[in-house]
Amino acid sequence: MQKFYITTPIYYVTDKPQLGNAYPTIAADVLARWHRMRGEDVFFLVGTDEHGEKVETAAKAAGKQPKEFVDDVVGVYKDVWKRLGISYDYFIRTSDQSHEAMVAELIDEMAQNGDIYKGFYEDWYCVPDETFWTELQLKDGKCPVCGRPVKKVKEECYYFKLSKYQGALLELYEKNPSFLSPKLRSKEIMNRVKAGLNDISITRSTIKWGVPFPLDKKHTVYVWVDALFNYVTALGGATGVHFTEFWPADVHLVGKEINWFHSVIWPALLMSSGIEPPRMVFAHGWWTAEGKKMSKSLGNSVDPVEVANRYSVDALRYFLLREMPLGDDGDYSEKSLVTRLNNELVAELGNLVNRTLTMAEKFQGDIKGKPELETSLDLEGINRCIDNMDTFGALDGIFSFIRAANKYVNDNAPWKLQGDELGNVLYNLLEASRVISILVYPFMPETGTRIAAQLGVGVGSLNDCKFKEFEGKIKKGDYLFKKAV
């Protein structure tokens, strides 16, 4: 059986999930569900990044110990992912003892490879982003990502010989062109690597809430190194049964602001540990609000659960993947969400299913005929979009088929037909609706399930996206979507 291993970023547990967290998680869920419907063995990983100064500070402000604090927030994350229909296979926590033990083992492997040495580090540190910056990288003396104040940090640390892997990284990019995805982000990464790499600090001596550094217990592992290893420790480490089955990861889906960590530092850490790099790091774009990056640290984020409660989970999932291609940036607008809900989900998809079932319930003859609508479906093209991480294009292909089915209704005017002619039209519309239930299921699981239930069939696999004898038992239910005003 073909395998598919996809991961999301693991999110800081300083607050509840926001739209910026939900977006890649929903996108990864769509891809995981689609690959399962192909009959592939899928491992879909989500999780939380629970160490570091930012978490330590947030816990203190809340009057809690770090472990108590992260346990509470993790519960919120799991509740939100359940509400949004996230079908993950494993939830990794970096505070898990098993994760911490495996991180220590991997660092020992790096040390045995001669890639770790002791030194001192001094630079500007952004606590909210857990990131060091040089003087030249600062913007107006502040963090270039979140715009918050930074502080000068000087401390004893251990370094990783990142510079040693410059040639190996460039060779990786050349031999695996899809590793840096999408293409619009690859040039920047390659140019930075070609310009030369500096060794990086991988420990902190002033932070206690973290993985103890196995070579020197006075230090903890720098949160970014600890976090990156989650993609391996979730599989049981380099000797785990799941690791043998699923590694290398097929896709690390990450935000473009953490692309450098995943596309440069992460594969170098793996090479040092004797582990094959992943097949692809795909850096998705940002959602903005009034032109500014949407994030918790900037205070302009959107609660996805509140949006889902107003318009439905499936309306939110659909909008996020229909509004912009996965690699692009987009500006969040509730007005745009309402427009897509009313014009596409209500008027196109909902209307097609509703009028098809209404006519079929009233029809007394045999529902059978020739598959006239089947040729309007480009399943191969939709599959190709999924393989290219083009969820936007896949939805476009699906709705092209929905629009073809609506046109078929208008062209054939079934309300004027009767007997075998009407039976033939209804056959095509019912089979089209059955196929649509399959196609929309990964994007809108509840909607796909409801369509299938009203048709009296189960949600099939992608192999079932072929017209056959209609075998359902129609039981029309409520309209799929409510128009928003």
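Just to be sure, is PRO17 at pLDDT 95 or above and outside any helix (DSSP H, G or I)?
On the way: at pLDDT 95 or above: no; outside any helix (DSSP H, G or I): yes.
Criteria not met by PRO17.
Output the number of residues of the range 320-334 satisfying the condition of being part of a helix (DSSP H, G or I) and under 14 Å from THR25 (Cα atoms).
Residues flagged as part of a helix (DSSP H, G or I) and under 14 Å from THR25 (Cα atoms) within the range 320-334 amount to 2.
So, TYR165, is that one farther than 17 Å from TRP124 by Cα, in contact with a Phe, Trp or Tyr (Cβ under 8 Å, 6 or more places away or on another chain) and either hydroxyl-bearing (Ser, Thr, Tyr) or in a strand (DSSP E or B) (or both) or not?
Working: farther than 17 Å from TRP124 by Cα: yes; in contact with a Phe, Trp or Tyr (Cβ under 8 Å, 6 or more places away or on another chain): no; either hydroxyl-bearing (Ser, Thr, Tyr) or in a strand (DSSP E or B) (or both): yes.
No; evaluated as a whole, the condition is false for this residue.
Going by the structure shown, is HIS262 in a strand (DSSP E or B), within 17 Å of the chain's Cα centre (by Cα) and under 14 Å from SER181 (Cβ atoms)? Outline the logic, then answer.
Values: in a strand (DSSP E or B): no; within 17 Å of the chain's Cα centre (by Cα): yes; under 14 Å from SER181 (Cβ atoms): yes.
No; evaluated as a whole, the condition is false for this residue.
Taking the stated definitions as given, is PHE363 over 30 Å from PRO325 (Cβ atoms), surrounded by 14 or more Cβ atoms within 10 Å (Cβ to Cβ) and aromatic (Phe, Trp, Tyr)? Step through it out loud before you land on a result.
Working: over 30 Å from PRO325 (Cβ atoms): yes; surrounded by 14 or more Cβ atoms within 10 Å (Cβ to Cβ): yes; aromatic (Phe, Trp, Tyr): yes.
Criteria met by PHE363.
Considering (1) under 18 Å from GLY47 (Cβ atoms); (2) buried (at least 21 other Cβ atoms within 10 Å of the Cβ); (3) over 17 Å from the mean Cα position of the chain (by Cα), say which one ASN230 fails and leave the rest.
Answer for ASN230: the failing condition is (3).
Find the residue count for the range 40-65, including only residues that are in contact (Cβ under 8 Å) with a residue 24 or more places away in the chain, part of a loop (DSSP other than H, G, I, E, B) and out of contact with any helix residue (DSSP H, G or I) (no Cβ under 7 Å at 6 or more places or on another chain).
Start the filter on the range 40-65 by keeping residues that are in contact (Cβ under 8 Å) with a residue 24 or more places away in the chain, which leaves 40-59.
Going one step further and asking which of them are part of a loop (DSSP other than H, G, I, E, B), we end up with 40, 50-52.
Next cut, out of contact with any helix residue (DSSP H, G or I) (no Cβ under 7 Å at 6 or more places or on another chain) only: 40.
Matching residues across the range 40-65 total 1.
So in the range 223-245, with the set limited to residues that are hydroxyl-bearing (Ser, Thr, Tyr) and assigned to a helix (DSSP H, G or I), which one is modelled with the lowest pLDDT? Let's see the steps before the verdict.
Step one: list which residues in the range 223-245 are hydroxyl-bearing (Ser, Thr, Tyr), which gives 231, 233, 239, 244.
Within this subset, residues satisfying the condition of being assigned to a helix (DSSP H, G or I) are 231, 233, 244.
Values: TYR231: 98, THR233: 98, THR244: 95.
Looking at the filtered set, the residue picked out is THR244.
Among GLU130, GLU156, which is in contact with a strand residue (DSSP E or B) (Cβ under 6 Å, 6 or more places away or on another chain), modelled with pLDDT under 95 and not polar (S, T, N, Q)? Write out each step before concluding.
Values: GLU130 fails: in contact with a strand residue (DSSP E or B) (Cβ under 6 Å, 6 or more places away or on another chain).
Sole residue among the options that is in contact with a strand residue (DSSP E or B) (Cβ under 6 Å, 6 or more places away or on another chain), modelled with pLDDT under 95 and not polar (S, T, N, Q): GLU156.
Return the total of residues in the range 342-375 being more than 20 Å from THR447 (Cβ to Cβ), outside any loop (DSSP other than H, G, I, E, B) and free of Cβ contacts under 8 Å to residues at least 60 places away in the same chain.
The total comes to 2.
Name the single residue, out of those in the range 144-162 being within 10 Å of ILE200 (Cα to Cα) and not in a strand (DSSP E or B), that is nearest to the chain's Cα centre (by Cα).
That would be LEU162.
Is it fair to say LYS139 is basic (Lys, Arg), surrounded by 15 or more Cβ atoms within 10 Å (Cβ to Cβ) and over 23 Å from HIS252 (Cα atoms)? Outline the logic, then answer.
Working: basic (Lys, Arg): yes; surrounded by 15 or more Cβ atoms within 10 Å (Cβ to Cβ): no; over 23 Å from HIS252 (Cα atoms): yes.
For LYS139, the condition - basic (Lys, Arg), surrounded by 15 or more Cβ atoms within 10 Å (Cβ to Cβ) and over 23 Å from HIS252 (Cα atoms) - is not met.
List the number of the failed condition for GLU68; all other conditions in (1) in a helix (DSSP H, G or I); (2) in contact (Cβ under 8 Å) with a residue 60 or more places away in the chain hold.
The failed condition is (2).
The values are calculated or read from the model by the stated rules, or taken from the named source; none is laboratory data. The shown structure was predicted, so the numbers you read here are calculated from the model rather than taken from an experiment. Quick reminder, even Gly has a Cβ in these numbers, built from the backbone with ideal geometry, and neighbours come from all protein chains shown.
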